[in-house]
Amino acid sequence: MQEAGSRSSWGWGSRGYKATSSIGFEKCVLRVIPRGHLVWEGLQLGSGFDVRLIYSKDVETGGDVIGLNDDLDLTVPLARFLRMNQRLIPKRLSHIEGIIQSYRKHYLEEARAKSDVLTYRFFTNVYDMPRDPTRLAESSITHEKDIRVRQLMLGCEKILQTTYDRLSAVTTTEAATWWYIFWVSAMA
């Protein structure tokens, strides 16, 4: 397939080739090729995409021809392209916006449900900066809303202490951390 605007490998010498004729295209198919893998209600919301403009069976090019760059800046050629195709843009826009709203609503509800069970304070005290297990249990009993979490913390002081002691030993040096990771991986 010939890339639009590319030099042929059949060039003579260092000068390449010169076109004896040119073909003008008025229409193309703009294909958005997703890189990510997050489908929500049939719409690919994954991170990143590539753009191909397909002019004919044998001629296609990338989005740089219309001014599309990696930073998605509104360049002059891209603005011109969007203006030329302005009537096509709104056709699916409200549908796409509805799907994005549904996605946001779902994950907002999920975040609220999670925070009803465990507070952000719990996560920071356990994962970010592990605390002394006795203080962690007391804090959890005082601040956690979910009765199941408070009851669980009452009966787990010995387990929390053992885990905290292990974490303290493992994080004394980088070598101790790597040695621990090696043995845990070997046992799995």
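Residue by residue, here is whether (1) at pLDDT below 90; (2) hydroxyl-bearing (S, T, Y); (3) surrounded by 10 or more Cβ atoms within 10 Å (Cβ to Cβ); (4) within 31 Å of the chain's Cα centre (by Cα) holds:
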{"site": "R150", "(1), (2), (3), (4)": "yes, no, yes, no"}
{"site": "K158", "(1), (2), (3), (4)": "yes, no, no, no"}
{"site": "Y164", "(1), (2), (3), (4)": "yes, yes, yes, no"}
{"site": "F182", "(1), (2), (3), (4)": "yes, no, yes, yes"}
{"site": "S185", "(1), (2), (3), (4)": "yes, yes, no, yes"}
Residue in the stretch 38-66 that is surrounded by the fewest Cβ atoms within 10 Å (Cβ to Cβ), counting only those that are modelled with pLDDT of 90 or more and of a type in the set (S, T, Y): S56
Selection from the stretch 112-148 of residues that are under 30 Å from T171 (Cα atoms) and exposed (fewer than 12 other Cβ atoms within 10 Å of the Cβ): Y120, Y127, D128, M129, R135, T142
Counted residues, the stretch 88-111 - those being loosely packed, with under 12 Cβ neighbours inside 10 Å and either in contact (Cβ under 8 Å) with a residue 60 or more places away in the chain or under 30 Å from Y164 (Cβ atoms) (or both): 2
Pair list, Cβ under 6 Å, 6 or more apart: the stretch 59-83 residue assigned to a strand (DSSP E or B), other residue surrounded by 13 or more Cβ atoms within 10 Å (Cβ to Cβ) and basic (K, R): E60/R52
Among the candidates N69, N85, residue that is exposed (fewer than 14 other Cβ atoms within 10 Å of the Cβ) and farther than 23 Å from E26 by Cβ: N69
Given (1) within 30 Å of L38 (Cβ to Cβ); (2) modelled with pLDDT of 85 or more; (3) of a type outside the set (F, W, Y), index of the condition T173 fails: (1)
Pair list, Cβ under 8 Å, 6 or more apart: the stretch 167-188 residue within 19 Å of D132 (Cα to Cα), other residue in a loop (DSSP other than H, G, I, E, B) and modelled with pLDDT under 85: L167/P130
Listing of helices (runs of 4 or more DSSP H) fully contained in the stretch 94-188 that carry 2 or more residues being among the aliphatic types (A, V, I, L, M): 133-143, 147-155, 157-170, 174-187
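The values are calculated or read from the model by the stated rules, or taken from the named source; none is laboratory data. Quick caveat, the model's predicted, so the values are computed rather than measured. We place every Cβ from the backbone using ideal geometry, glycine too, and count neighbours over all the protein chains shown.
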